[in-house]
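One structure is given below, encoded as structure tokens.
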Amino acid sequence: MANSLTRFGLIIALAVSSGSAWSAEKVNLVLNWTPTADHSPFYYAKAQGWYEKAGIDLTIEVGKGSGASSLKVGSGGSEFGIADLATMLVARGKGADVVALMSIYANTAQTFYWLKSYGINGPKDFPNHKIGNPPADAARVMWPAFAKAVGIGADSVSFVNIGPTAKIAALKSHTVDVITDFYNEHDLKVKEFGDDLGFVNWKDIGLNPYGNSLVVNGQFLQKNPKIAEDFVKITQRAFATCVADVEPCLKVLLEQASGLDRANQVNQWERIKFMMTDQYTPTKALGWIDPDRMKSDYELVQTYLGMEKPFAVETAFTTRLLDTSVKMDASKVKR
């Protein structure tokens, strides 16, 4: 009898365990690029089991650019993604069903880099030069806006397909004359090129659209509002935790992603904290998306690129899932 009860208890335990596993929602997060410091909060939260405890079975997928991640999320190929917000608006204008839930970069990270020894002193000298970046890179998608803002022709340069990890080598070998990259990688280029390095952040020429953000498939959001809300709040908590102390977060990242230099990732994180901070993220909520700024970003895309299928910008984002008790700690940002 005791053995029968033991077997029965084991069966019940297995059934409960199986039921719990079965009830977990499988979701995919497609990154904008290969994992670096700005993605470490996702890896950290997953390693801590925070998503799992909320019933989220998370897979993190390496990305191929904000254009690609926006379209993949918009088509339902991935539930969540990371994408440059202006690039996401371009995709939505093409019919992609994608909605922004949380800003990661409150300031644009888009930056052009060149070597002064190549005879380039600024963007006005870009015409007739080669710019290297991946084909789905946000800077390439938004290039017409940059070109118009600095007063050069959008067709005055040629683009060369360069992978994210090959940009510095391509610039050094003169395979290309200019590269695009995120400002969080700035220190690596300073170390490599020193005083010969020239650069301009898009903010410096008056273009400051929201940068990398957490986005979701619109239909998934409608059908699974609780999962989406849990995902956002866990992600907020993860970023706030990493802002407080990045060491555990980078430890997990370096264990999960090969080929990363720890010192470079530490430098990146310091730049990332700066880009996470605007007037709203320390006061409203970490990840806050301001309606007026989104309207400006929409107008930026509309003015410089045109919108294939115009839409009401307020349908392209929501802040209602954010935990307003979680705020960006601006005291942790080095100026």
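The values are calculated or read from the model by the stated rules, or taken from the named source; none is laboratory data. All values reported here derive from a predicted model rather than from experimental measurement. Methodologically, a virtual Cβ is constructed for each residue, glycine included, from the backbone with ideal geometry; neighbour enumeration extends over all protein chains shown.
Of all residues in the range 186-202, how many are in a helix (DSSP H, G or I) and crowded, with 17+ Cβ neighbours inside 10 Å? Don't jump to the end; show me each part of the working.
In the first step, residues of the range 186-202 are kept if they are in a helix (DSSP H, G or I); the result is 186-196, 202.
Subsequent filtering for residues that are crowded, with 17+ Cβ neighbours inside 10 Å retains 186, 188-189, 193, 202.
Counting residues in the range 186-202 that are in a helix (DSSP H, G or I) and crowded, with 17+ Cβ neighbours inside 10 Å gives 5.
When you check Val216 against the structure, is it surrounded by 16 or more Cβ atoms within 10 Å (Cβ to Cβ) and assigned by TED's automatic domain parsing to the domain that holds Pro291, yes or no?
Numbers: surrounded by 16 or more Cβ atoms within 10 Å (Cβ to Cβ): yes; assigned by TED's automatic domain parsing to the domain that holds Pro291: yes.
Spelling it out, Val216 is indeed surrounded by 16 or more Cβ atoms within 10 Å (Cβ to Cβ) and assigned by TED's automatic domain parsing to the domain that holds Pro291.
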In the range 268-298, which residue that is crowded, with 17+ Cβ neighbours inside 10 Å and of a type in the set (Lys, Arg) is nearest to Ala312 (Cα to Cα)?
-> Arg293
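Being farther than 24 Å from Lys233 by Cβ and surrounded by 19 or more Cβ atoms within 10 Å (Cβ to Cβ): is that true of Gln265 here?
Criteria met by Gln265.
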Would the range 223-237 turn up any residue that is surrounded by fewer than 20 Cβ atoms within 10 Å (Cβ to Cβ), within 18 Å of the chain's Cα centre (by Cα) and free of Cβ contacts under 8 Å to residues at least 40 places away in the same chain?
-> no
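Pick from the range 238-249 the residues that are within 17 Å of the chain's Cα centre (by Cα) and not small (Gly, Ala, Ser): which of them is surrounded by the fewest Cβ atoms within 10 Å (Cβ to Cβ)? Don't jump to the end; show me each part of the working.
Taking the range 238-249 first, the residues within 17 Å of the chain's Cα centre (by Cα) are 238-240, 242-243, 249.
Next, only the ones that are not small (Gly, Ala, Ser) stay: 239, 242-243, 249.
Values: Phe239: 28, Cys242: 27, Val243: 23, Cys249: 27.
The extreme case among them is Val243.
Please go through the range 82-125 and give me each residue that is part of a helix (DSSP H, G or I), in the same structural domain as Lys191 (by TED's automatic domain parsing) and in contact (Cβ under 8 Å) with a residue 12 or more places away in the chain, ordered by number. Working first, answer last.
The first filter runs over the range 82-125 and keeps only residues part of a helix (DSSP H, G or I), leaving 85-93, 116-118, 123-125.
Adding the requirement that they be in the same structural domain as Lys191 (by TED's automatic domain parsing) leaves 116-118, 123-125.
Correct list: Lys116, Ser117, Tyr118, Pro123, Lys124.
Among the residues of the range 203-242, which ones are part of a loop (DSSP other than H, G, I, E, B) and either under 15 Å from Thr319 (Cα atoms) or among the acidic types (Asp, Glu) (or both)?
Tyr210
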The one condition in (1) in contact (Cβ under 8 Å) with a residue 12 or more places away in the chain; (2) assigned to a loop (DSSP other than H, G, I, E, B); (3) on the phi < 0 side of the Ramachandran plot that Asn128 fails to fulfil = (3)
Is there a residue in the range 159-172 that is within 27 Å of Met307 (Cβ to Cβ) and either assigned by TED's automatic domain parsing to the domain that holds Tyr298 or touching a Lys or Arg at 6+ places or on another chain (Cβ under 8 Å) (or both)?
-> yes
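Return the only residue of Asp97, Asp125, Asp137 being among the charged types (D, E, K, R) and more than 29 Å from Tyr280 (Cα to Cα).
On the way: Asp97 fails: more than 29 Å from Tyr280 (Cα to Cα); Asp137 fails: more than 29 Å from Tyr280 (Cα to Cα).
The match here is Asp125.
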